[in-house]
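> Take a look at this one; I'll ask things after.
Values in this text are rule-based calculations from the coordinates and carry no lab data. Just so you know, these numbers come straight off a predicted model, no measurement behind them. Glycine gets a Cβ as well: all are built from the backbone with ideal geometry, and neighbour counts include every protein chain shown.
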Amino acid sequence: MKALPRRRFIRQTLSAALAAPFISTVVTRALAQAAEKKIGFALCGLGSLSTHQIAPALQHTKNCRLTGIITGTPAKAEKWKAQYNIPGRNIYSYETMAKMADNPDIDAVYVVTPNALHAEHTILAAKAGKHVLCEKPMEASSEKCQEMIDVCKAANRLLAIGYRCRFEPHNLECMRLAREKVFGDLRIIQACFDIHLDLPSGAWRFNKALSGGGALMDVGIYALQATRFITGEEPIAVSGMETKTDPVKFKEVDETVVWQAKFPSGVIADCSTSYNSSLVGGYRAVADKGWFQLDPGFYYDGNRGRRSDGEEIRYPEVDSLGEFYQFAAEMDDFAQCILGVKATRVPGEEGLRDLKILTAIYKSIRTGETVKLG
């Protein structure tokens, strides 16, 4: 009896088709267009994430294709041009992004540059008439986030934030378990994401001017997002604490942060994140009649979960797609938003909300006091 609602929830949430008994003519046409149209994406920033995750995922999308690149490294441009058969006219530097306005091959730009450059590149793309999918965190400050939102709206371009877990079925199932109160009312959520980050591979992440912060901004945001989409609420107060075991290496950014958040319903979230720990990422939600958890829950692949009633949270047919699934689903969803089939579930306002909460956690760390949120 529990399996049917679960499958229905995942199918309805992930599907590009808005199947319904009486669907409007407008939506029917949009669906037909979405089935045929492929949105041209240009990747802005050709670092590790673009190279090893996003570009390969584009090859597994239904409604997207890689049509352009934006990079400050000529050698990368030549390599990508040959590997993905990208025409020379579709290759740009950060200084020439405005010229994309004359290029119909590119419909959207996926911004994958360091955090504090997201606003600059998003604004350039939007003013060139391109829709923008921007990696998380949205920016290094809430003020820059708001500027991104305002510019995209003024340009009549869509803006979405790359919260890939919002398209991942194990996480969607946990959202369903919470929203449908399968185990009753939520009481406590424990969430964490720890990685071991070293120089020189993560060099820009140790530079606060580029990153805006350390572990909390980079991977802690996954734990924060989980508490928000599981509860369906916004925290009303946060308190945080930071510790450093290597003050030289982590001179500019946070190494390890723990924080607690309180939600309007009374749910308490205990969270942590670190740049100096083994790879761990997941969460456990405790309700008054049981619990459910993902361990791991934030990986590119291999996410698994369990429930207090003995059921496993697992989707082998999805897991077999591995690392490609989440980014492909996220980009296909954005393509359907561009085509008018649906509204994005991860708009710029979602990224702004996270930045305001992250800022409050950092303030609590500085002041040693609980910070209330409006």
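> I need the shape label for the stretch 21-164. Rule: rounded when a/c is under 1.5, else prolate if a/b > b/c, else oblate, with a, b, c from the alpha carbon gyration tensor.
oblate
> Also, I was wondering about something else. Taking the Cα centre of each part, how many Å lie between the stretch 144-212 and the stretch 240-310?
Here the answer is 13 Å between Cα centres.
> I would also like to ask the following. Looking only at Tyr110, Tyr92, Tyr163, which one moves most when the chain is put into a Gaussian network model with springs between Cα atoms under 10 Å?
Sorting by GNM fluctuation, first place goes to Tyr92.
> How much of the DSSP beta bridge set in the chain is antiparallel, as a percent to the nearest 5?
Numbers: 36 of 63 bridges.
The antiparallel fraction comes to roughly 55 percent.
> With Rg and Dmax of the Cα atoms in Å defined as stated, name the option among (i) 20.5, 63; (ii) 22.8, 80; (iii) 29.2, 97 computed from the structure displayed.
(i)
> Between the DSSP loop rule and a limit of at most 14 other Cβ atoms within 10 Å, which trypsin sites (Lys or Arg not before Pro) in the stretch 57-156 are left? All intermediate terms of the calculation are to be shown ahead of the outcome.
Values: sites: Lys62, Arg65, Lys76, Lys79, Lys81, Arg89, Lys99, Lys127, Lys130, Lys144, Lys153; in loops: Lys62, Lys130.
In loop regions of the stretch 57-156 (DSSP not H, G, I, E or B), the sparsely surrounded trypsin sites (Lys or Arg not before Pro) are Lys62.
> Still on this structure, I have one more. If the cut-off is 19 Å between C-alpha atoms, which aspartates and glutamates fall inside it for Lys251, apart from same-chain ones fewer than 8 positions away?
Partners within reach: Asp194, Asp198, Asp218, Glu242.
> With a sphere of radius 15 Å drawn around the Cβ of Glu369, what net charge do the other residues whose Cβ falls strictly inside it have (Lys, Arg +1; Asp, Glu -1)?
Here the charged neighbours net out to +3.
> Which one, Pro200, Pro296, Pro347, has the greatest fluctuation when you compute a Gaussian network model over the chain with C-alpha springs under 10 angstrom?
Pro200
> While we're on this one: So how far, in whole Å, is the C-alpha centre of the stretch 322-363 from the one of the stretch 44-65?
What the calculation gives is 16 Å, centre to centre.
> If you don't mind, another one. At a Cα cut-off below 19 Å, give the lysines reachable from Lys244, other chains included and same-chain residues fewer than 8 away excluded.
Lys208, Lys363
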